[in-house]
1. Subtracting the Cα-Cα distance from 0.36 nm times the residue separation, let me have the gained length for Ala38 to Glu78 in nm, one decimal.
2. Considering only lysines 8 or more places apart in sequence, or on different chains, count the pairs in the chain whose C-alpha atoms sit under 25 Å apart.
3. When ligands, DNA and RNA are left out and all protein chains stay put, how many square angstrom of accessible area per residue does the chain have with a 1.4 Å probe?
4. Counting other Cβ atoms within 10 Å, which GluC sites (Glu not before Pro) in region 1-70 have at most 14 and lie in a DSSP loop?
5. Hey, rough spin-label estimate for Met61 and Asp10, points 7 angstrom out along Cα→Cβ, what's it come to in nanometres?
6. GNM on the chain, C-alpha springs below 10 Å: top fluctuator among Ile44, Ile27, Ile71?
7. In a shell of Cβ-Cβ distance under 11 Å around Pro45, excluding Pro45 itself, what net charge do Lys and Arg (+1) and Asp and Glu (-1) give?
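The values are calculated or read from the model by the stated rules, or taken from the named source; none is laboratory data. From a predicted model like this one, the values you see are computed outputs, not experimental measurements. Glycine also receives a Cβ, built like all others from the backbone with ideal geometry; neighbour counts cover every protein chain displayed. Accessible surface areas use protein heavy atoms only, side chains included; no ligands, DNA or RNA. Shrake-Rupley method; radii C 1.70, N 1.55, O 1.52, S 1.80 Å.
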Amino acid sequence: MSTVSIRLDDDEKMDLEEMCAQMGMSISTFYMICTKKALRDRCIPFEVTASKDPFYSASNMRQLRKADQQIRSGQVVEKTLEELEALDE
């Protein structure tokens with residue numbers, strides 16, 4: 001039998017201990033369940049996703065690439081803040 005050490009934020013550890021206790025298990029049992037499921041299914045037993053930051057959405061990235069091409073090819077219009085504010089009126 002081997003021992004594995006994991007570092008957790010104190011508050012997260014307390015929250016995990018509380019959640020596990022409500023389910024009638026220890027943190028060790030919780031990690032053993034996750035490990036056995038991962039080994040049985042040959043995958044992480046929960047969904048792992050990237051941040052859903054809308055800045056990196058496909059449509060925004062297309063617009064950023066388009067704007068970058070326009071800037072590099074000199075297709076830009078320069079206006080002062082006053083000129084831009086006047087456009088809004």
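1. 8.8 nm
2. Values: Lys13/Lys36; Lys13/Lys37; Lys52/Lys66; Lys66/Lys79.
Count of close lysine pairs: 4.
3. Details: 8570 Å² over 89 residues.
Roughly 96 Å² per residue, with all protein chains present.
4. Counting only loop positions with at most 14 other Cβ atoms within 10 Å, the GluC sites (Glu not before Pro) in region 1-70 are Glu47.
5. Taking the two extended label points, one gets 4.1 nm.
6. Ile71
7. Numbers: positive: Lys36, Lys37, Arg40, Arg42; negative: Asp41, Glu47.
In short, +2.
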